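What follows is calculated from the coordinates using simple rules that are stated; it is not laboratory data. Treat the numbers as computed from the prediction; the structure is a model and nothing was measured. Please note: Cβ atoms are built from the backbone with ideal geometry, for glycine as well, and neighbour counts cover all protein chains shown.
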Amino acid sequence: MAELEVSVYCYWNGCIKYGREGVYYEGPAPKKIIVNPKIALNRLLDEMYVLTGVDVDKQRSKVKIFGRYPSVVGQSKFQYLLLPVVNNSSLETMLEVPSKHPSVKIVELYLEVKSEGVTGPAACSSKRQKTVKVERDSSTGNIGDAAVDADMTDNVSGSNAVAQVVNLAGDKELNSGVPKPCLSSLWLDDHDLRVGLCFKDADELKKAVDWCSIKGMQKCVVRETGTDECMFECIKWRCKWSLGAAKMEKHGLFEIIKYNGPHTCSPIEPENSNSEFEADEIERLVRRHPTLSFSELKKWWKANIGYELQTWEVRAAKEEAIKRAFGDQSFEDLPKLMTALCSSNGLLVDWKYDLFPNPKFASFCGVFWAFPQSVQGFQHCRPLILVDTKELKGKHQLKLMIASGVDAADYYFPLAFAVTKEVSSDTWRWFLTNIKEKVTQRKGLCLISSPHPDILSVRSQWKEPWAYHRFCLKQFSSQFCRDFSELESLLEQAGETGQKEEFETHMERIKKENPEARRWLDQIPPNQWALVHDGGRRYGYMDIDTTSLFAVCRGFELADHAVTGSVMLLFDELRNRFDDLSHFSRGSLNSGHVYTKPVTDKLEEFRTATVTYIVMPLDNNAFKVAEPAQNDEWIVQLSECTCTCGEFQSYKFPCLHALAVCKQLKINPLQYVDNCYTFERSYKTYAATFSPVPELAAWPEASGVPRLFPPVIPPPPPPPSKVSGKSQSKATPKTNNKKS
Ligand SMILES: [Zn+2]
Ligand SMILES: [Zn+2]
């Protein structure tokens, strides 16, 4: 069946009026066109332009079309409403009128060319009958108490495509039980939303807002829904998009009474939707409260958003949030953060800065910090400290310094940190002195470091028997290789072996291959780099595994090397680590585990070994352990805790040969295991708890530290002067090492 064509009257050059029956047009006689009811809006527009002579190219965007839409108010009685024709859907609604209401034979369309500064007929807003509380409280996102003026109109939207159902009937008629117009299910876009737009009910309104959001790939939430009012906000708190609507007693419709749009946020790709939302919400919280722990954030999320987040999700969201909120390279917040950590958690801090002529200001040189929780835990670790430095990327070329112990399970135990503008012998002296004064006064410590001359020049502070200085073999080897790279593997074998004979053999070979290399080596005490001469100070630690050592500092990369943000993330990592490992060691203790993995692995290796050891007693409480299949022989001295394989004395728990002796003698080998490998120690190491840090607004002022500016990076040295003479005297800034 062919569709019936529709007669359309086009009116223009007049004005829209409102009468007893609603809207009508006053002006020149209309022109008639016949159209197919499915005609597209742009085709109809073309026809209307031809008809009316409106300049299409210049004025198309300023043209508005309204339809006169009949709304049944009684038996074959209509109230005429003004329906904006903004798209094919609303046009179709108009062109369907004759088929729905046979008494209406002709569709009437009013053409308006908007002139600048004059508001179209659709912009009138119904007076509200009562005060509705819809003002957004910016800090909480909740509906606050401030009332909005009922006439408040949207001054943000500059859109021409106004979609609005204007109810032009008088109050009396509407309030006398007549059916309500239901025309608001239009295809709306975000820019169509505006103050004065009416909807049948809250549900229609919500559908319209939801549809706009879905199309714009934005998300909104209803902040409050009453029976008579509701408020929508963008889920992105930084985007100020919001929409408030209320049911008007005057016409019984839901009318938009407040609108802030369009969205200033960028569309959310569906696949990133959750993580973006999480990072965003966490950021809102973190800006206010940057030191909430992962578990505090998880709790907050559950209570406020409603679903559970995993720790890794919270961590990712927080890292992103800290980067956004504290990722700038300034140093101004840093003293405040350190002071907050100090007052809440007793953080030990020491600043280095160069004062400006006005001593209220200074340029940052360095900051040392250590948590007392680490200091306390270190008492239960073996007496071993590893130190290292790392270049930080970022424009200030800062260096990160770390001191770490080793816990019962052979994991690094972060002890102290520093960020400095440079690493020099002065910096090392400052760092090591701080460790000695603030972190540990234990005697017999072993310090493993790089063999860099800057450290060597200050090691007088770390002398035996207070401390034993050892080199990271890898770094020692790379120093050696600058001159003797062909001997690298020989040197490393000599350094790593725990057996005297093997060491001597390697050293002889080095001498044979390059006597100069051997002379170079002979200048350095072998106990600093060779395990066999170590005397058990290193607990077998030959190299510093830089990646693991700095793992706790991963925040420095994540926060773009901005110190304040990085320290916040480091605090998170540290707390999280303490939390995890204290739970783990407590659980291990409760389930009957006594020794950590390095020891249990060795015991298990012995238990399942297929090798037969032959143990023969020698003089002086020594035993020869033979392994006939390998044609190997080892001498175990139980009372000395040594074995010629080197392992027993290095790791401080029995090697396979010592275990064989114990088995033969039927004695308990555990008496030869160093207590540093117990879960008891592990539990004590991580037992200290961290206290919550208050909100940013409640942080105390940093007293005693001037306002800090980025470090002054010295310019590259000038080319050598051709004329010899007096060197220019330079005014050097006074260095102030403030202790706190
Ligand atoms: Zn938005
Ligand atoms: Zn052995």
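Can you tell me how much longer the chain between His452 and Val222 gets when fully stretched, taken as 0.36 nm per residue apart minus their C-alpha distance, in nm with one decimal?
Computed gain between His452 and Val222 is 76.6 nm.
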**Prompt:** Given labels modelled 7 Å from the Cα in the Cβ direction, how far is it in nm from Trp466 to Gln664?
**Reply:** 4.5 nm
**Request:** Starting at the first residue of region 198-213, write each ³J(HN,Hα) from the Karplus equation 6.51 cos²θ - 1.76 cosθ + 1.60 with θ = phi - 60°, in whole Hz, x for Gly and Pro.
**Result:** 10, 9, 4, 7, 4, 5, 4, 4, 5, 4, 5, 5, 4, 5, 4, 5
**Item:** region 597-677 shape via C-alpha gyration tensor axes, a/c threshold 1.5
**Value:** oblate
**Prompt:** Can you list the HN-Hα couplings for region 633-643, worked out from phi with the Karplus curve (6.51, -1.76, 1.60; θ = phi - 60°), rounded to whole Hz and with x for Gly and Pro?
**Reply:** 9, 10, 10, 9, 10, 4, 5, 9, 6, 10, 8
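Compute the length gained on full extension between Ser344 and Arg707: take 0.36 nm times their separation in residues and subtract their Cα-Cα distance, giving the result in nm to one decimal.
128.5 nm
By the gyration tensor of its Cα atoms, with a ≥ b ≥ c the square roots of the eigenvalues, what is the shape of region 231-370: rounded for a/c under 1.5, prolate for a/b over b/c, or oblate?
It comes out prolate by the Cα gyration axes.
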**Prompt:** Arranged by the count of other C-beta atoms within 10 angstrom, fewest first, what order do Trp529, Trp462 take?
**Reply:** Trp462, Trp529
**Cβ-derived FRET efficiency at R0 41 Å, Val611 paired with Asn590, nearest 0.05** = 0.70
**Item:** Cα-Cα over 19 Å, subset of Lys360/Lys395; Lys219/Lys240; Lys17/Lys64; Lys240/Lys298; Lys474/Lys512
**Value:** Lys360/Lys395; Lys240/Lys298; Lys474/Lys512
**Request:** Just report the Cα centroid separation between region 315-355 and region 3-42, whole Å.
**Result:** 68 Å
**Prompt:** So what are the ³J(HN,Hα) numbers for region 707-712, from phi and the Karplus equation (6.51, -1.76, 1.60; θ = phi - 60°), rounded to whole Hz, Gly and Pro as x?
**Reply:** 5, 9, 10, x, x, 7
**Request:** Arrange Cys342, Cys481 by Cβ neighbour counts within 10 Å, fewest through most, would you?
**Result:** Cys481, Cys342
**Prompt:** How do Asp534, Asp228 line up, fewest other C-beta atoms within 10 Å first?
**Reply:** Asp228, Asp534
